[in-house]
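The values are calculated or read from the model by the stated rules, or taken from the named source; none is laboratory data. What you see is a predicted model; the values in this text were computed from it and never measured. Methodologically, a virtual Cβ is constructed for each residue, glycine included, from the backbone with ideal geometry; neighbour enumeration extends over all protein chains shown. The protein model used for the area step is the full one, side chains on, heavy atoms only, and it has no ligands, DNA or RNA in it. Shrake-Rupley method; radii C 1.70, N 1.55, O 1.52, S 1.80 Å.
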Amino acid sequence: MALLNRPTHRPLWDRLRHVSRETGPAARVSRETSPSSWPGLAFAALGAFLAWCVHLVVPAVPMLTASVVLGIFVAHLPATRSVVRGPARPGLSLAGRRLMRIGIVLLGLGLGLDQVLRLGWSTVVMVSGVVAATFFGTLWLGRRLGLPGDQPLLIATGYSICGASAIGAVSEVSGSDEEDMASSVALVTLCGTLAIAVLPLLQGPLGLSDLEFGRWVGASVHDVGQVVATAQTAGPGALGEAVLVKLMRVALLAPLVAAVAFSLRARRRGVRTASGRRPAPVPLFVAGFLLSAALRATGVLPEVALDWAHTAQEALLAAALFGLGTAVHLPTLARTGGRAAVLGLGAWVVVAGVSYGGVLLTS
């Protein structure tokens, strides 16, 4: 498939070199419980706490956005740079991978499938079309611009589904390099943050009512926190519509990740992992995401449990994104900055334009 247009002769082990150095399951367990991981995990927890403080002081800045920015900042601050690249690196990398998986599983508990379906099939079709057009359009443009590694795939995922969380999910099945993942998160986070300031200015010129504006925001803005920050400018009605449409996009995360996993499995037929097993067709954390959503739909969980799960999800994703932010190397990012900026702008035009047309057709 085009989305995986990479050299087939490149060994799978090379693709995973930044993720793990283990030679089997026992080595993986030993590595993840190694004392060398704890300094980085504690550093990631501190970063998540500081991001929460930033969000409390400036509510317009989502906690997850603040986490990425803080991670990038400490990675380039002379006083902390040596710590990030040295003793804290194993734990920060572990946070960026493992904590991301757990956070994505808990994300399913916030997915009210019953509420999403009440929007109607026309909205389901509209959102599916927006996701497909954004994903394949961004992927095609990224390949044409010659962005390195898995960046086109990851950026396309982040724009079409739910920002950094979706990038983390797809990177797990694609075996993406940590640097590709971090650079993609940085770009998608930057563009999503700009949407908070830009989209409210366009409501009047585009002739959108408050409810239409909310649906447009939900269909075009990346991260859930960014959706809330953008839509609330048009009132509670717009905010409600935006969140429901956004949840519908989040619901498409599992099918997209599964499609990438199946495509990789087909391309790597006969290739086995270092543990001697073939790559799983559907990752365990994706199954967990679906089970969490199904559990939420049953209504058996009390509201207090859902609140605690949401808090844990935010904390885990914030720590994971802080860890990813520390992997961003700005000089390297600057070398592809022009092409990445063109891709970001092009993807933004695609998702905003297609979703705007979809909102007008379904209103």
Residues located in segment 76-96, provided they are part of a helix (DSSP H, G or I) and surrounded by fewer than 21 Cβ atoms within 10 Å (Cβ to Cβ):
H76, P78, A79, T80, R81, S82, V83, R85, R89, P90
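So that you can scan it fast, the table gives a plain yes or no per residue for (1) among the small types (G, A, S); (2) over 20 Å from V351 (Cα atoms); (3) in contact (Cβ under 8 Å) with a residue 40 or more places away in the chain:
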| residue | (1), (2), (3) |
| --- | --- |
| R85 | no, yes, no |
| L92 | no, yes, yes |
| G103 | yes, yes, yes |
| F136 | no, no, yes |
| L139 | no, no, yes |
Any residue that is at pLDDT below 85, among the aliphatic types (A, V, I, L, M), open to solvent by 40 Å² or more (accessible area, probe 1.4 Å) and not in a helix (DSSP H, G or I) - is there at least one of those in segment 53-68?
yes
For W121, work out the one condition from (1) under 16 Å from the mean Cα position of the chain (by Cα); (2) under 30 Å from L361 (Cβ atoms) it doesn't fulfil.
(1)
Answer yes or no as to whether L141 is over 21 Å from F289 (Cβ atoms), at pLDDT 80 or above and open to solvent by less than 30 Å² (accessible area, probe 1.4 Å).
no
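Does segment 149-172 contain any residue that is surrounded by fewer than 18 Cβ atoms within 10 Å (Cβ to Cβ), of a type in the set (F, W, Y) and modelled with pLDDT of 80 or more?
Of segment 149-172, the ones surrounded by fewer than 18 Cβ atoms within 10 Å (Cβ to Cβ) are none.
No, every residue in segment 149-172 fails to be surrounded by fewer than 18 Cβ atoms within 10 Å (Cβ to Cβ), of a type in the set (F, W, Y) and modelled with pLDDT of 80 or more.
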Members of segment 239-284 that are open to solvent by less than 20 Å² (accessible area, probe 1.4 Å), modelled with pLDDT under 80 and among the hydrophobic types (A, V, I, L, M, F, W, C)
L264
So G129 passes all but one of these: (1) under 25 Å from C53 (Cα atoms); (2) surrounded by fewer than 18 Cβ atoms within 10 Å (Cβ to Cβ). Which condition number does it fail?
(1)
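Please report, ordered by residue number, the helices (runs of 4 or more DSSP H) entirely within segment 291-363 with at least 2 residues that are without any contact (Cβ under 8 Å) to a residue 24 or more places away in the chain and open to solvent by less than 50 Å² (accessible area, probe 1.4 Å).
Details: elements: 303-325, 330-335, 337-362.
Because the criterion is at least 2 residues that are without any contact (Cβ under 8 Å) to a residue 24 or more places away in the chain and open to solvent by less than 50 Å² (accessible area, probe 1.4 Å), the helices (runs of 4 or more DSSP H) in segment 291-363 that meet it are 337-362.
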I need the full set of residues from segment 81-103 which are at pLDDT 85 or above and β-branched (V, I, T), in order please.
I102
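What tally of residues in segment 110-126 results from selecting those that are surrounded by 14 or more Cβ atoms within 10 Å (Cβ to Cβ), at pLDDT 70 or above and polar (S, T, N, Q)? Please lay out each step first, then the result.
Of all residues in segment 110-126, those surrounded by 14 or more Cβ atoms within 10 Å (Cβ to Cβ) come to 110-113, 115-117, 119, 123-124, 126.
Filter again for at pLDDT 70 or above, leaving 110-111, 119, 123-124, 126.
Now restrict to residues that are polar (S, T, N, Q): 123.
Count: 1.
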Could you list, ordered by first residue, the pairs with Cβ atoms under 8 Å in which the first is in segment 208-220 and within 12 Å of T362 (Cβ to Cβ) and among the charged types (D, E, K, R) and the second is modelled with pLDDT of 90 or more and in a helix (DSSP H, G or I), at least 6 apart or interchain?
E212/V359; E212/L360; R215/V359
